[in-house]
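K.L.:
Please read through the structure below; I'll follow up with questions.
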């Protein structure tokens, strides 16, 4: 009888034990999570990456080349009639030379126009090269140290020029972007983005 009564008491006490241990376990887990969260550093607010500019080699950058090729073509046709040592340039030969020059010029334009593409976002500067196969590289805007641009006399007339980006990126410490339209505004935009990103990062570090 005593054994049966002890078993009954133990069965009755078992649910109570479970009820008393379960809240204790839950409280311990909650305390652990709170302790972990309190020791973590504040997470930086996420800012979505925004595209600010994209472009490549401008057709206006080749205007000077086309004008020069036109003048050379006319000279190739006319000069053999007035310059004795150019008499070997008959009309058929002159036409072959002219066509060859224009094909070379068109090839250079095609490689520059379709083989290079640039994209500027609020966090990165992306540049792609290649026509059949594409090589894509990225430079963090915070790694850009300096931005400058140059223009020749003809380029100033059409607002195009070359932008030079100096950065601490190991793969492209010096990047030349030729034939960029509205070159002054684009160079200023890249410089503004890098300054803004550096200010934002420095404020975040000070807050931590």
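The values are calculated or read from the model by the stated rules, or taken from the named source; none is laboratory data. Just so it is clear, the model here is predicted, and its values are computed rather than measured. For neighbour counting, all protein chains shown are included, and Cβ atoms are generated from backbone atoms with ideal geometry for every residue, glycine included.
K.L.:
When the range 163-177 is examined, which residues are found to be free of Cβ contacts under 8 Å to residues at least 12 places away in the same chain and in contact with a strand residue (DSSP E or B) (Cβ under 9 Å, 6 or more places away or on another chain)? Talk me through it step by step, then tell me what you get.
P.N.:
To start, the set of residues in the range 163-177 that are free of Cβ contacts under 8 Å to residues at least 12 places away in the same chain comprises 170, 173-174.
Passing the criteria: 173, 174.
K.L.:
Output the number of the condition that residue 155 fails; it satisfies all remaining conditions of (1) over 29 Å from residue 48 (Cβ atoms); (2) at pLDDT below 95; (3) out of contact with any helix residue (DSSP H, G or I) (no Cβ under 8 Å at 6 or more places or on another chain).
P.N.:
(3)
K.L.:
Another question, then. Going through 186, 147, 154, 160 one at a time, which residue ends up being in the same structural domain as residue 124 (by TED's automatic domain parsing), in contact (Cβ under 8 Å) with a residue 60 or more places away in the chain and within 15 Å of the chain's Cα centre (by Cα)?
P.N.:
The conditions single out 186.
K.L.:
With over 16 Å from residue 53 (Cα atoms) and in contact (Cβ under 8 Å) with a residue 40 or more places away in the chain as the only criterion, which of 131, 180, 142 stands out?
P.N.:
Numbers: 131 fails: in contact (Cβ under 8 Å) with a residue 40 or more places away in the chain; 180 fails: over 16 Å from residue 53 (Cα atoms).
None of the other options fit; the residue is 142.
K.L.:
Could you tell me whether any residue of the range 57-75 is outside any helix (DSSP H, G or I) and at pLDDT 95 or above? So that I can check it myself, show each step before the final result.
P.N.:
Our first condition is that a residue be outside any helix (DSSP H, G or I); within the range 57-75, this holds for 57-58.
Then drop every residue that is not at pLDDT 95 or above, which leaves 57-58.
There is at least one residue in the range 57-75 that is outside any helix (DSSP H, G or I) and at pLDDT 95 or above.
K.L.:
Looking at 120, 103, which one is surrounded by fewer than 13 Cβ atoms within 10 Å (Cβ to Cβ), at pLDDT 95 or above and assigned by TED's automatic domain parsing to the domain that holds residue 68? Show your work before the answer.
P.N.:
Working: 120 fails: surrounded by fewer than 13 Cβ atoms within 10 Å (Cβ to Cβ).
That would be 103, the only listed residue that is surrounded by fewer than 13 Cβ atoms within 10 Å (Cβ to Cβ), at pLDDT 95 or above and assigned by TED's automatic domain parsing to the domain that holds residue 68.
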